[in-house]
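Here's the structure we're looking at; comments come further down.
The values are calculated or read from the model by the stated rules, or taken from the named source; none is laboratory data. From a predicted model like this one, the values you see are computed outputs, not experimental measurements. Using ideal geometry, Cβ is built from the backbone for each residue, glycine included, and neighbour counts are taken over all protein chains shown.
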Amino acid sequence: MGRALAALIWVITILSVWMFVSGKWWFPPAITEHGPAYDRQFLITIIVVGVAFALSQIALGYMLWRYGARRDGSRGIYSHGNNRVELLCMGVTFVVFVTVALFGQTVWARLHFHDAPPGAARVNVVAQQFQWNFHYPGADGQFGRTDPAKIKDADLNFVGLDDADANGRDDQVVTTLVMPEGRDVELTMTSKDVTHDLWVPELRFKQDVVPGLNIRVHFKPVKTGRFELACAELCGQLHYKMKSYLIVLPQADYDALMKLPQAQFQGRITELNKLPLGLPGQQY
Amino acid sequence: MSEAVPHADSHGPEEGHAAAHHHTPPSGFIRKYIFSLDHKVIGIQYLLLALFSVFVGLIMSVLMRLNLTWPDHKWPLLGTIFKAGAPGGQMSPEFYLSLVTMHGTIMVFFVLTTAPQGGFGNYFLPIQIGADDMAFPVLNMLSFWTTLLGLVVLITAIFVEGSTAFSISLHAKSGLAKFAETYLGGGGSGTIGPIGGWTGYPTLSALGKIAGPGQGAGATLWITSIAIFCVASLLGALNFITTLLNMRTRGMSLMRMPLTCWSWFTTAILALLSFPVLLAGGILLLLDRHAGTSFFIPGNLVVSDQLLTQHAGGSPILWQHLFWFFGHPEVYIAILPGMGATSHILSTFARKPIFGYRAMVFAMFAIGLLGFFVWGHHMFISGMSPYSGMAFSVLTLCIGVPSAVKTFNWLGTLWGARIRFTVPMLFAIGFVSLFVAGGITGLVLGQTSLDLSMHDTYFVLAHFHLVMGVAAIFGMFAGIYFWFPKMFGRMMSDTLGYIHFWPTFVGVYAIFVPMHAMGLVGMPRRYASFAEYVFLNKTHPLVMLVTVAAIVTAAVQLIFLFNFFWSLFKGRRAGDNPWEATTLEWAVPSPPPFDNFGGRVPTVYRGAYEFAVPDAPEDYVMQTTPDERAANAPALAGAGEQGGEVTGNGHHDGHH
Amino acid sequence: MSTHAHVDTVPAADWGGGTLPYRVGHRKLGMWLFIVSDALTFSALLVGYSYVRLSSAEWATPFAFSPSILFSTTMTLCLLSSSFTMVMAVRASAHGRRRAARRWIGGTMVGGLAFLVLHIYEWAHLIEEGLRPFGLNPGSHFAHEWAERWPHASPLFGATFFATTGLHMFHVFTGVCYLGVVAMRIRSVKHEDVEISGLYWHFVDLVWMFVFPLIYLLSVDFKA
Ligand code: HEA
Ligand code: HEA
Ligand code: CUA
Ligand SMILES: [Cu+2]
């Protein structure tokens, strides 16, 4: 019985490790500047914990294999423990875990501990139940004033733009997120109703969009393409359908898009949304 | 020295056991089995409550899997029961979400907080420390009935909202639906139950019906149920701590207690300190919903295209802080008793003293203590300050250290052992394996950077199902198989036990390991269907695999259920000590008499895990065996001294 | 090896089992534990209050000297003196002077009742001025005054105020009832029970010593 269980544990260990190693189910390719660093940190961590996992399971199996009850009625080792080994084990795990923890802050620090560099492309994100609204400043680079009281979905004023403000005349509000390649992007995110979460696996980035807060985040996409954008915080009935797209354009195309008058902007976005999903040439 | 001395002279001048001591067992069915003050009956009541809940939760999880795998399929039976939730038998997204919410809530609160602590703890803590009952028997009974009330309210939450057929019939009869409509913020939205997730984040949970289906009366009852549950757990915790501190019998020094007692003690402390915070949070949430306050609701919200003017100034993040300040200790409340039972059972069937008893105790306390300072790791992505995220992250990884110590000690216990592979032992070994598998991914999630991707994906689900969903459940299974003979005087069937173990062990790995892979691909949690997203297509085979595994595993649980009830009546009779174990519960008849020790007070002579004692007549020496009888085992006496680094089981207490 | 030295004897120390390690009975220990957990409920409320106050742009400070501060100070004095009478009650009971103990408990209850009456009066006053859990009653005196003086004030003032003081008031109320029961049954209860009720009462007092400065004194209106 013990040996069967030992063998089973080893088989499970091998299969579990295979699931990660096979590469069949892995992250989609990263498209942000911090992506490779993220992937490296993930790989290091998964190797560390994978080794710990495998070693523990192998050791467990070994004990079961080796130390079953004997027919001769002999007794086990009468030991209450060993403080030196105990301390050693504690020390090793402490060092390993804290090292991993500290390295695990680097990407985070890069993204969150300073503001977006000047010249970043800016987009306001306004989430609402089951729809993403992306608000671009238009040709003048200035966001128009918004007022919650002016929000009227029926009139397609999803973010409450105030007509009285000249800055807002050329602002664009669409449901697709467009970003330039190779330039920092700053998102200012808020929600009209409940908490949502902006999630694009390729970005290696996720941020809750919280009503009442204007959360500013930034990162730098470095590859073009079109990707699915999901809501990752439970926001009600149609949470699973709160879908949109992220399109990363070459800088020049992005600039051209931003200069388009309102009438053509939407049309161009529709056109862009016909691009195939994924990186150019990638099987999505 | 006699093994037991009469009760009267065993205590100081103060009340001691006397306060709790009720001499004659009650007669009459109601006093004996329903409103019983006996901790053993209450323990069984808790277990039955958990058993009922776990099967409700299990059925819900299978329904969830069915919906995720075949989103368009019609299940006629469902259609008849839930006319509104599953019209024509096809599950609606809100129905799915209410399943998720109820599954999570039931499993976390009414299974994993009740059975290991309220069930086994209630039954065995007093016996293992040599007491005749809990310190406050009446309070104990109240805790149970309050918990039951919480469960009833929670189950009601499924039905008050939506299901029109049900509402109408009730309307005529009891007016429950009307009551819900009038006082709880309205029903009739066409769903079943609350859909806010077990974490109930505002503003979704605070706005009421305007936020969509599943936010009306059902949500109110959901919070009410949680608040009731908080009160019950608080009372229970207070009782446990007092009992353990004040009612240990002669010789039962702290360091001689079985590790199970330590785990229930630590758990009770965690519960005592964390539930009041959730209670306060729950009250505030109820006020937001019904008194018009806005603790968790900021101003200028536009919900369903309507500007809300009556709310301003609050913060949804505040709820997350309050919830997770409770929530993280809560997950340790769920696992610690499992760890205790595992240690206990491993040592018993390894026929070896537990390895590093003191280290185990300290690790448990370290986990408990650190557990209060890591709640922020659930909130890295929430919009909380990134600097505090970093601090929480480092503390989070530190909590892995005591867990590693425990794992190490379990392996140490098995090393050089003579393992008897009984059914409880298999489940205890399964616990170790699953705990490592699940705990280890906590180290991935605990890093701020990595959580950027992993948060709210199936990777998190995989993590917590392995560690909580099944490791802790395996701890419960181990406990049931181990203690069943003591509780009911009969053995559970071994054959059925083995048939239960093997597929379950394989099954749960097959369910939850693939979820990691789904998480890597990026599959978000709480999605009623994955059909919308192309990037999830490649996970479809996994989704199917998980579902099949879940159905098989769930079906296998029926064997357990059958075994449980069959053995109650038909099981082989168990002696007092069928497992040849050492602790006090095995020194009394099975099942134990009304006041456990027949009015006598046992005396304890040694630590809890004296197995494989060289030269002792048997390979185990019970805690109650007087020294004269164990004395022909000279090595036993010097156990603490040998080799300098061997830690005795606290034989020194009170001497140095 | 000294075979028996380590194993045989039953540890005689406080923690060795068979004794009450803190030398207090179950009920007293239980009350201490209850107090710990109840303290956490209040902490959660006060932390919540601090959180919303700190994260609001502006916080109204409307408590004029009269009546709010005058009243709340008097209330504080009531509670303080009731703590004193409670101490006396416990002392009397310790010396077996039950009638005296009952009288002192009566005094404590009077203090508590006075607190309640003043508090309700003070609530009534604020409600009349227009304070509500959900903000301000439109058109009321406060509504006008606040719009002028604290235009960006968080509407959560009333919510935190009523929630915190309300929960505390509820504790005082149950405390008075509890003391009433103890006083009524003073002949049959043990001395320890009197002590336990004292513990509860002092705890309720102590909580007020946090509520009073945090809720009242930090919102004093110096202009008025
Ligand atoms: C029983 C319950 C339980 C337990 C014990 C744990 C244990 C741990 N959990 Fe888990 N967790 C949950 C239940 C639990 N968790 C739940 C329910 C959620 C989700 C809630 C929700 O959102 O719905 C969650 C979510 C969760 C998150 C948030 C994820 C997110 O939402 O983004 C994080 C992040 O840090 C985390 C971390 C940890 C860590 C570090 C541990 C550690 O304690 C684990 C320690 C254990 C080990 C580390 C394994 C043993 C060690 C060894 C074998 C060492 C050998 C190794 C070496 C020498 C390298 N958990
Ligand atoms: C104890 C906790 C626990 C347990 C046991 C389980 C068991 C299972 N869970 Fe659950 N689950 C949660 C806690 C748990 N879960 C939580 C907290 C959530 C999050 C909710 C939210 O997002 O809000 C969740 C969410 C969740 C989801 C995610 C839904 C989503 O996000 O969209 C899914 C999806 O498949 C799932 C599946 C399953 C399956 C298939 C099982 C099982 O079928 C696995 C097999 C189970 C067993 C083998 C156990 C049988 C046990 C007994 C018979 C006990 C015997 C009783 C005694 C000894 C007294 N669970
Ligand atoms: Cu928006 Cu989920
Ligand atoms: Cu946690």
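General remarks:
- B:LEU346 within 16 Å of ligand 4 (Cβ to nearest atom), in contact (Cβ under 8 Å) with a residue 12 or more places away in the chain and more than 9 Å from every other protein chain (Cβ to nearest Cβ): no
- Scanning region B:375-410 for residues that are among the aromatic types (Phe, Trp, Tyr) and either at the interface with chain A (Cβ under 9 Å from one of its Cβ atoms) or more than 11 Å from ligand 1 (Cβ to nearest atom) (or both) turns up B:PHE380, B:TYR387, B:PHE408, B:TRP410.
- Residue that is nearest to ligand 4 (Cβ to nearest atom), among those in region B:434-480 that are among the aromatic types (Phe, Trp, Tyr) and touching a His at 6+ places or on another chain (Cβ under 9 Å): B:PHE459
- Only a single item in (1) within 23 Å of the chain's Cα centre (by Cα); (2) surrounded by fewer than 23 Cβ atoms within 10 Å (Cβ to Cβ) is not met by B:ILE333, and it is number (2).
- Residues that are among the aromatic types (Phe, Trp, Tyr) and more than 8 Å from chain A (Cβ to nearest Cβ), drawn from region B:349-372: B:PHE349, B:PHE362, B:PHE365, B:PHE372
- Any hit, region B:444-455, residues being within 15 Å of ligand 2 (Cβ to nearest atom), in contact with a strand residue (DSSP E or B) (Cβ under 8 Å, 6 or more places away or on another chain) and more than 7 Å from chain A (Cβ to nearest Cβ): no
- Scan of region A:61-91 for residues that are within 17 Å of B:ILE354 (Cα to Cα) and hydroxyl-bearing (Ser, Thr, Tyr), ordered by number: A:TYR67, A:TYR78, A:SER79
- Test: B:PHE372 is out of contact with any Pro (no Cβ under 7 Å at 6 or more places or on another chain) and more than 16 Å from ligand 3 (Cβ to nearest atom): no
- Residue list for region A:23-52, filter: free of Cβ contacts under 8 Å to residues at least 24 places away in the same chain and more than 9 Å from chain B (Cβ to nearest Cβ): A:GLY23, A:PRO36, A:ARG40, A:LEU43, A:ILE47, A:VAL51
- Of residues in region B:68-95 being within 14 Å of another protein chain (Cβ to nearest Cβ) and under 16 Å from B:ILE158 (Cβ atoms), the one farthest from ligand 1 (Cβ to nearest atom): B:ALA84
- Members of region B:521-530 found to be more than 7 Å from chain A (Cβ to nearest Cβ) and farther than 13 Å from A:GLU228 by Cα, listed by number: B:ARG525
- When residues of region B:531-555 are limited to those that are surrounded by fewer than 18 Cβ atoms within 10 Å (Cβ to Cβ), in contact (Cβ under 8 Å) with a residue 40 or more places away in the chain and within 11 Å of ligand 2 (Cβ to nearest atom), the one farthest from the other protein chains (Cβ to nearest Cβ): B:ILE551
- Of the residues contained in region A:226-238, one or more are found to be within 13 Å of another protein chain (Cβ to nearest Cβ), more than 16 Å from ligand 3 (Cβ to nearest atom), farther than 20 Å from A:ARG110 by Cα and in contact with a strand residue (DSSP E or B) (Cβ under 9 Å, 6 or more places away or on another chain).
- Test: residue in region A:244-256 that is crowded, with 24+ Cβ neighbours inside 10 Å and touching a His at 6+ places or on another chain (Cβ under 8 Å): no
- Screening B:ASP38 on (1) crowded, with 19+ Cβ neighbours inside 10 Å; (2) within 24 Å of B:LEU558 (Cβ to Cβ) shows it passes everything except condition (2).
- Odd one out for B:SER315, checked against (1) crowded, with 22+ Cβ neighbours inside 10 Å; (2) touching a residue at least 60 places away in the same chain (Cβ under 8 Å); (3) within 8 Å of chain A (Cβ to nearest Cβ): (2)
- Here A:GLN283, A:GLN237 are screened, and the one residue that is away from ligand 2 (no atom under 16 Å from the Cβ) and either crowded, with 24+ Cβ neighbours inside 10 Å or at pLDDT below 95 (or both) is A:GLN283.
- In region B:504-520, of all residues being more than 30 Å from A:GLN283 (Cβ to Cβ) and more than 8 Å from chain A (Cβ to nearest Cβ), the one that is surrounded by the fewest Cβ atoms within 10 Å (Cβ to Cβ) corresponds to B:GLY507.
- Residues (part of a loop (DSSP other than H, G, I, E, B) and more than 27 Å from the chain's Cα centre (by Cα)) located in region B:596-606: B:PHE597, B:GLY598, B:GLY599, B:THR603, B:VAL604, B:TYR605, B:ARG606
- Qualifying residue in region A:195-206 (condition: aliphatic (A, V, I, L, M), within 13 Å of chain B (Cβ to nearest Cβ), touching a residue at least 24 places away in the same chain (Cβ under 8 Å) and within 16 Å of ligand 1 (Cβ to nearest atom)): yes
- Only listed residue being surrounded by fewer than 18 Cβ atoms within 10 Å (Cβ to Cβ), of a type outside the set (Asp, Glu) and either modelled with pLDDT under 90 or in a strand (DSSP E or B) (or both), chosen from A:ARG71, A:ARG40: A:ARG71
- Residues (out of contact with any Asp or Glu (no Cβ under 8 Å at 6 or more places or on another chain) and surrounded by fewer than 17 Cβ atoms within 10 Å (Cβ to Cβ)) located in region A:74-88: A:SER74, A:ILE77, A:VAL85, A:LEU87, A:LEU88
- Residue ranges of helices (runs of 4 or more DSSP H) in region B:458-528 with at least 3 members touching a helix residue (DSSP H, G or I) at 6+ places or on another chain (Cβ under 9 Å) and free of Cβ contacts under 8 Å to residues at least 24 places away in the same chain: B:494-521
- Residue match in region B:209-225 (condition: under 24 Å from B:TYR123 (Cβ atoms), hydroxyl-bearing (Ser, Thr, Tyr) and assigned to a helix (DSSP H, G or I)): no
- Summed over region B:288-329, the residues that are away from ligand 1 (no atom under 16 Å from the Cβ) and more than 21 Å from C:ALA60 (Cα to Cα) give a count of 10.
- The set of residues from region A:185-194 being at the interface with another protein chain (Cβ under 9 Å from one of its Cβ atoms) and surrounded by fewer than 24 Cβ atoms within 10 Å (Cβ to Cβ) comprises just one member, A:MET189.
- Annotation note: of B:ALA50, B:ALA86, the sole residue that is closer than 30 Å to B:THR146 by Cβ, buried (at least 22 other Cβ atoms within 10 Å of the Cβ) and more than 16 Å from ligand 3 (Cβ to nearest atom) is B:ALA50.
- Every residue from region B:238-279 that is charged (D, E, K, R) and either within 23 Å of the chain's Cα centre (by Cα) or over 25 Å from B:PRO353 (Cβ atoms) (or both): none
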